[in-house]
1. Starting from residues that are out of contact with any helix residue (DSSP H, G or I) (no Cβ under 8 Å at 6 or more places or on another chain) and assigned to a helix (DSSP H, G or I), keep the ones in the range 249-289 and report whichever is surrounded by the fewest Cβ atoms within 10 Å (Cβ to Cβ).
2. Of all residues in the range 205-254, which are out of contact with any Ser or Thr (no Cβ under 9 Å at 6 or more places or on another chain), among the aliphatic types (A, V, I, L, M) and closer than 15 Å to ARG194 by Cβ?
3. Look at the range 180-202 and say how many of its residues are under 25 Å from LEU333 (Cβ atoms), among the hydrophobic types (A, V, I, L, M, F, W, C) and not in a helix (DSSP H, G or I).
4. Within the range 310-322, can one find any residue that is touching a Leu at 6+ places or on another chain (Cβ under 9 Å), closer than 19 Å to SER116 by Cβ, free of Cβ contacts under 8 Å to residues at least 60 places away in the same chain and assigned to a helix (DSSP H, G or I)?
5. Can you pull out every residue in the range 155-173 that is within 21 Å of the chain's Cα centre (by Cα) and either open to solvent by 10 Å² or more (accessible area, probe 1.4 Å) or closer than 30 Å to VAL71 by Cα (or both)?
6. Which residue is least open to solvent (accessible area, probe 1.4 Å), if the candidates are limited to the range 355-379 and must be part of a loop (DSSP other than H, G, I, E, B) and within 28 Å of SER27 (Cβ to Cβ)?
7. Kindly indicate the residue of the range 20-34 that is closer than 26 Å to LEU6 by Cα and among the hydrophobic types (A, V, I, L, M, F, W, C) and also surrounded by the fewest Cβ atoms within 10 Å (Cβ to Cβ) among those meeting that condition.
Amino acid sequence: MKIKALDTYFLSAPLPQPVRTSTSTISRVSELIVKLTTDAGLVGIGEAHGPFLSQGGPEAMRGVGQILERVTPLVVGQDPSGIERIWQDLFALTYTSVRGIPTLASQRRQLVTAISAIDIALWDLMGKATQRPVHQLLGGALRSRVPAYVTGFYYRDGERPADLRREGAMYLEHGYRTVKVKVAGLPPEADAERVGIIRKAVGDDVAIMLDANQGWNLPSAVRTAKLCEPYNIFWLEDPMPWYDERHSLRRLKAEVDIPISAGETEFTPFGLRTMVAEGLVDYLIIDSTWAGGLTVWRKAAVMAELYQISMAAHHDPQIHVHAVAASPTGFILESFADHTRDPLWFELFRERPKIVDGYMAVPDTPGLGLELREETLEKYGVKLG
């Protein structure tokens, strides 16, 4: 069996109301879809996303499309069972030329995003070829369902305490027992007051995570964490900017009692290795749709098991449910419950995996178990050749 075609779609959906984190305004969501078709008629589906896709507009779309066109010779004509070999060839372009294709070192982040979609499509394709779900290819599910938290409580214009209480009630009605709250967009005292309102709204038996989106310096992180500690915080996510993250995370861990989670902004297995080996995190967060695919997740899962670090997924629970379920220290998925936050999650699939009482069942259908809605591709998508 050989791959005979690589087709790419760029999807972009506007949000009805922009939402904010500490470092950005989100006005639309974007997704890169790759379809790999074989000479046996099987089709594998892969997804990728990332901030530069959502914020870069047509220029980012063209850039990723050009990268995919350049790397196509390393994919088309290959046996799809050689997932690791294909990944190594593609990743090598981050620093050197490969089989006559010039290096893409200056576009590493965009290249790794493209690799992510291709790699995930390969895993989906091999699952379909062997009539096995992807989690079996990753070693087999260690659990029949995976817990999921809901990300919400973004900053919104004109927000009032009553809005936070209504949002909290919506998540409880959906059955979630863990919620994630955006922080670092306000002064420490104001953020702590906001977290206190949310804690009162959801009750004491719901876990609250805080996500700073790398928006603090060290003093602000320490102060806000100490102000929020009385609200029984489950974890503190991505507190520091990238440029001093290693040093600052080490100091923060020594000064506060709240567990630290980070890793989603790393886009190579080597960056994830640093997080684990240097003891910078209590929870390792990975997004295989922008960090190099499920192949990178598999590499990180071995490290996490050896260091006994729990693994959490960022975004795209329909893909990560396979990875978390098959990982010895796999812990939890990220999800959205509000259609206005991620229309693509709600509209992209024929049968969207359901989250019931805060859990997603591990699929038993071949591959990822996903079927795209062609009408959604037409509504939000542009085919890139």
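1. ALA254
2. ALA225, LEU227, ILE233
3. Count: 3.
4. yes
5. TYR155 - this is the single residue of the range 155-173 that is within 21 Å of the chain's Cα centre (by Cα) and either open to solvent by 10 Å² or more (accessible area, probe 1.4 Å) or closer than 30 Å to VAL71 by Cα (or both).
6. If we filter the range 355-379 for residues that are part of a loop (DSSP other than H, G, I, E, B), which is where we start, we get 357-358, 362-366, 368-371, 373.
Remaining after also requiring within 28 Å of SER27 (Cβ to Cβ): 370, 373.
Numbers: LEU370: 19, ARG373: 76 Å².
It comes out as LEU370.
7. Filtering the range 20-34 for residues that are closer than 26 Å to LEU6 by Cα and among the hydrophobic types (A, V, I, L, M, F, W, C), the one surrounded by the fewest Cβ atoms within 10 Å (Cβ to Cβ) comes out as VAL29.
Residue by residue, here is whether (1) in contact with a Pro (Cβ under 6 Å, 6 or more places away or on another chain); (2) under 17 Å from ASP191 (Cβ atoms); (3) modelled with pLDDT of 95 or more holds:
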| position | (1), (2), (3) |
| --- | --- |
| GLU229 | no, yes, yes |
| TRP235 | yes, yes, yes |
| ILE258 | no, yes, yes |
| GLU264 | no, no, no |
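The values are calculated or read from the model by the stated rules, or taken from the named source; none is laboratory data. Because the structure is predicted, anything quoted here is derived from the model rather than measured. Because the Cβ atoms are built from the backbone with ideal geometry, glycine has one as well, and the counts that use them run over all protein chains shown. These area figures cover heavy atoms from the full protein model, side chains too; ligands, DNA and RNA do not enter into them. Shrake-Rupley method; radii C 1.70, N 1.55, O 1.52, S 1.80 Å.
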